[in-house]
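Read through the structure below, which is laid out as structure tokens, and then see the notes.
Nothing in this text is a laboratory measurement; each read-out follows from the coordinates by a stated rule. Note that this is a predicted model, so its numbers are computed, not measured. As a convention, Cβ positions derive from the backbone with ideal geometry for all residues, glycine included, and neighbour counts pool all protein chains shown.
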Ligand code: BT5
């Protein structure tokens, strides 16, 4: 019954419905409606009840319907989708389930909002309601040294999926930040467990700013972030966007496993926002400046540091000068 109430509120796209109408339509009492609504709120759904108007689901664009997506996805990779209106971090839950042997390849975990969303190197990823925050568990048969390439592959996959909803093309800042008009719309965090010679599991955490106004983000982040809502002016539910992103991830992931990074490298380079530009790369204890002349077949950034010398960069944060 709770799911039917949720579906009814979802259909109304944030508009209110009275308790009476819900009760009549579902054949239950008004008190029962009230109890189910309270339980949904406890689960984390943002439902308001205004006397004289009724109940409305404010975060309806975040809600996804796993059964419906699975039915239409026709995927050889995605095995199960779990949706939680609120979580600390989808990557953390994926880790916990893996540790308890309750998860396997193809599990997708989606959160309506995250209270402790994580970026790389312990940075915070702001995850209010309206964004698409999810993780997928993968077990690629790859040696550990090839893992960094997956970041680049997923960046291309996410960029290509988002292009379908934009009037422009998404750029990529090496290794895996997705940019539109010099602002970040999405980020990817890969976490891995395994040995030197093989990977057990990869948790690919993907965060995309969909239906959020950058004003909702904190001061520093607000100025460097953008969202689909800001770029298009329209609200597209996550239930429509997620399958497009998952299909794209599957397409590029398979291409990479079968044909290697070489088959994706040119697309990465064509999207790379700093190729042939002067950049600085901030590493843990040093900063390197040069012209980014190439992205090589190992996924490294090639930096020409003077007339004669080039260096290969394997990690770091890039800034265009
Ligand atoms: C990333 O880190 O870009 C990886 C983000 C991955 C988030 C997903 S959401 C689902 C899954 N579960 C998680 O807990 N995480 C993953 P990094 O390159 O380190 O970028 C972090 C930096 O981006 C921060 O220091 C801010 O400057 C900026 N930032 C934070 N929140 C942002 C947002 N919503 N939009 C744009 N920029 C943001």
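Descriptive notes on the structure:
- For the chain, the longest principal axis of the alpha carbon atoms and the long axis of helix 2-11 meet at an angle near 70°.
- Put in line by how crowded their Cβ is, counting other Cβ atoms within 10 Å and starting with the fewest, 134, 179 read 179, 134.
- The stretch 1-51 - Debye-derived log10 I(q)/I(0), Cα point model, q = 0.21, 0.32 Å⁻¹: -0.69, -1.64
- Using the Cβ-Cβ distance between residue 99 and residue 283 with R0 set to 41 Å, the FRET efficiency works out to roughly 0.85.
- Using 0.36 nm per residue and subtracting the Cα-Cα separation, the extra length available between residue 3 and residue 215 on full extension is 73.1 nm.
- Shown is the FRET efficiency for residue 262 and residue 12, computed with R0 = 45 Å from the Cβ-Cβ distance and rounded to the nearest 0.05: 0.35.
- Label sites at residue 79 and residue 276, each approximated as a point 7 angstrom past Cα along Cα to Cβ, lie 4.5 nm apart.
- Top of 53, 286, 71 by mean-square fluctuation, Gaussian network on the chain, Cα under 10 Å: 286
- Isotropically averaged projected area of the stretch 170-222, using the convex hull of Cα atoms (one quarter of hull area), nm²: 5.1
- Using C-alpha pairs below 8 Å separated by at least 6 residues, the relative contact order for the stretch 1-79 is 34 percent.
- Cα gyration tensor, the stretch 178-289 - rounded (a/c under 1.5), prolate or oblate: oblate
- Whole-number D in µm²/s for the chain (Stokes-Einstein; Kirkwood sum over Cα pairs; 10 °C, 1.306 mPa s): 76
- Whole-number percent relative contact order across the stretch 190-321, with pairs defined as alpha carbons under 8 Å at least 6 apart: 13
- Taking every DSSP helix (H) stretch of at least 4 residues in the chain, weighting each as -39,500 (n - 2.57) and dividing the sum by the residue count yields a mean residue ellipticity at 222 nm of -10000 deg cm²/dmol.
- Residue 183-residue 23 pseudo-label distance in nm [points 7 Å out on the Cα-to-Cβ vector]: 4.6
- FRET efficiency, residue 251 to residue 165 (Cβ-Cβ, R0 22 Å, nearest 0.05): 0.85
- Residue order, fewest to most surrounding Cβ atoms within 10 angstrom, among 50, 156, 311, 63: 50, 311, 63, 156
- Relative contact order (%) - the chain, alpha-carbon pairs under 8 angstrom, separation at least six: 13
- Beta bridges by DSSP in the stretch 53-144, antiparallel share as percent, to the nearest 5: 40
- Cα-based shape type of the stretch 66-190, given that a ≥ b ≥ c are square roots of the gyration tensor eigenvalues and the cut on a/c is 1.5: rounded
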